[in-house]
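Only the coordinates and a few stated rules stand behind these numbers; no lab work does. All values reported here derive from a predicted model rather than from experimental measurement. All Cβ positions, even for glycine, are placed from backbone atoms using ideal geometry, and neighbour counts span all protein chains on display.
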There are 2 protein chains.
Amino acid sequence: MPKQNTVFKDAYNRCLRLLVVGESLPSEPELCSLLGVSRTTVRSILSQMVEAGLIEWNKRSKAVQRPPAKSDYFPEHETSSLSDVIERTFMKRILVGGAEPGMQINELELAREIGVGTTSVREFLIRFSRFGLIEKRPNSHWVLKGFTRQFAEELIDVREMFELKSAAAFAALPIDDPAWAELEALRRAHVEVLADIDSRYLEFSELDDRLHRLIQQASGNRFIIDFYDIIAIVFHYHYQWNKANARERNGKAILEHLDYIEALKTRRPEAVEAACRLHLSSARLSLMQSLATAA
Amino acid sequence: MPKQNTVFKDAYNRCLRLLVVGESLPSEPELCSLLGVSRTTVRSILSQMVEAGLIEWNKRSKAVQRPPAKSDYFPEHETSSLSDVIERTFMKRILVGGAEPGMQINELELAREIGVGTTSVREFLIRFSRFGLIEKRPNSHWVLKGFTRQFAEELIDVREMFELKSAAAFAALPIDDPAWAELEALRRAHVEVLADIDSRYLEFSELDDRLHRLIQQASGNRFIIDFYDIIAIVFHYHYQWNKANARERNGKAILEHLDYIEALKTRRPEAVEAACRLHLSSARLSLMQSLATAA
DNA sequence: TCTGTGTTCTTTGTCGATAATGTGCAGCCT
DNA sequence: AGGCTGCACATTATCGACAAAGAACACAGA
């Protein structure tokens, strides 16, 4: 079984949502940019839609025949790329399943467990190794270093260094930089979520990711920006499976974010640094606490 | 052709140097730790040596029959692992051969050019991507971001942040920490090379690597320590192919290192920071200058 | 003349197969 | 009793193959 056709299936599903009975789909190149895939894939989708009786396709005309039914969609689990599946399975194993530091990781076993070839697992592990949670012994196995308190400390130490630098750079951005507009949009989004915090507190993760990425971006340094990927993946999976006190924690964090945003807007270095430190040490604390309860 | 037997060949060559006529080689496990390979490989080596008439092997006795000749050694180019070969070829291409930023990298083409399978090239590129010089477009090619001034600036900015932190941590190390002994050994090595600088200035690279790694180690932070790999590889290959003013540059750097080491020994934070900054800004300058002439 | 389509070709992502290398166990020698 | 050897087995590194996905180009239609 070579390449999965997940790109096709995912794009097909998204294309279904574009169907409006009576109208015609746009041109192939336009669909390409709409769906973010190549023309080859777009044409496969169109062919498939013809077979399913969803459209009539003749050169430039792609007349929609009927609205898509539930059964027209591919099941969601078939639309995520192989590496995503591997990532999820693996993260679950090391964050939730009791994975002791020092444990060996076996490519073959992992591959069999997930039901994929060894190559994919191998490539995933290589990519993943930059997160510092695993390490390779050449010609031999991988060693799991574990999501320990030690790891979290090291991660957060670097994060603080980088974020302070980025925040300072952000404050120094010229007034007409588009980042300021984005910051304002993000502020509004925070306020909205906060207004309905009890039912929307889970949206905080996304806000958090967006805000911090926006700030890192201002550093103009690829190493700082790339490092945020590590933070993001760790926080993402960790909190996904550790929802204790999420409501309270997220509410508090949103308020801190708003302070942080206000501080940035003043463009005064001392104010920015203070708000940044405050938020980061609070984030550190809650990660450490949730690690304590998890262990 | 599966796995190359470079581990075997390299270990065989190293084992040849252990042969002393009239004596017997040590036990298999001992050879393992001496050569850093598994018993299987050691036993292959012993078998091969029997075939070559170098030793008589009977259970515990491995009597050496004759000294190894030049022709007993495997050619050196057969002893480096595939990924090393790929790395060298690739680095040469992007640092020496005119490689414009934005250029596409083609796995297949690279593989054919080097004469290896695509899998190896692919895995190399994935590993290499963490250095920030290339970037992947999923389902499509890699993009070369180029060893530009911009890249160098970003790299050095982070380096300075990290090294200042590490140097401070080093100065705070307890007096009986083994790092102090290593620092002293390194200082002596510097002095020795300096005494004969005209003929030994090329040894500076190794000293540089050892000193900075020793210092980063003190941070106790895997992200800081791992980041040094990026510095190391960039400096290694860059200066390997840019030897202009090497004699002068290295001599100056050794003096700075000695100052830096002295400052660390005082354990006074201000002295350490000053020496560290001085050396780093000088390193930055010389990298930037050599980039200017290269471009 | 420009944008869209038909067609063909190239490249990537994934797999299974295979030699090299590493690992574990039972018996043997000192 | 402790380390060494002999042997059988498990795992990794590398390759070639092939379907999915992307890219190039000539022609057609507005």
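Side notes on the structure shown:
- Zone residues, segment A:227-246, relative to A:Glu192, backbone N less than 16 Å from point 7 Å out along Cα-to-Cβ: none
- P(r) for chain A, from all Cα pairs and a bin width of 10 Å, is 5, 21, 23, 25, 19, 6, 0 %, short bins first.
- For B:Ser282 and B:Leu173, a Förster radius of 41 Å and the Cβ-Cβ distance give a FRET efficiency of 0.95, rounded to the nearest 0.05.
- Per-residue extension of 0.36 nm, minus the Cα-Cα distance of A:Arg17 and A:Trp180, leaves a gain of 55.4 nm for this segment.
- Each label point was placed 7 Å from the Cα along the Cα-to-Cβ direction; for A:Ser38 and A:Ile233 their separation is 2.6 nm.
- Fewest-first ranking of B:Val64, B:Val37, using other Cβ atoms within 10 Å as the exposure measure: B:Val64, B:Val37
- Over segment A:88-232, relative contact order from alpha-carbon pairs under 8 Å, at least 6 apart, %: 21
- Eligible lysines near B:Lys92 by straight Cα distance, threshold 22 Å, same-chain separation 8 or greater: B:Lys136, B:Lys145, B:Lys243
- Loop-located trypsin sites (Lys or Arg not before Pro) in segment A:1-58 (DSSP state other than H, G, I, E, B) with a sparse environment of at most 13 neighbouring Cβ atoms within 10 Å: A:Lys3, A:Arg17.
- Normalising the Debye intensity of the protein assembly as shown to I(0), with uniform scatterers on Cα atoms only, and taking log10 at q = 0.10 Å⁻¹ returns -1.15.
- Sites B:Phe74 and A:Ser71, calculated FRET efficiency, Cβ-Cβ separation with R0 45 Å, nearest 0.05: 0.10
- Mean Cα-pair separation over length for segment B:82-144, i.e. relative contact order, pairs under 8 Å, 6 or more apart, %: 38
- Annotation: extensible slack from B:Arg267 through B:Gln240 equals 6.3 nm (criterion: 0.36 nm per residue apart, minus Cα-Cα distance).
- Kirkwood Rh in Å, taken over all unlike Cα pairs in segment A:31-149: 17.7
- Listed by chain and number, the lysines placed with their C-alpha closer than 28 angstrom to that of A:Lys62 are A:Lys9, A:Lys70; residues fewer than eight positions away on the same chain are left out.
- In segment B:227-282, trypsin sites (Lys or Arg not before Pro) in a DSSP loop with at most 14 other beta-carbon atoms within 10 Å: B:Lys243, B:Arg267
- Normalised contact order of segment B:6-77, rounded percent, pairs of Cα under 8 Å and 6 or more residues apart: 39
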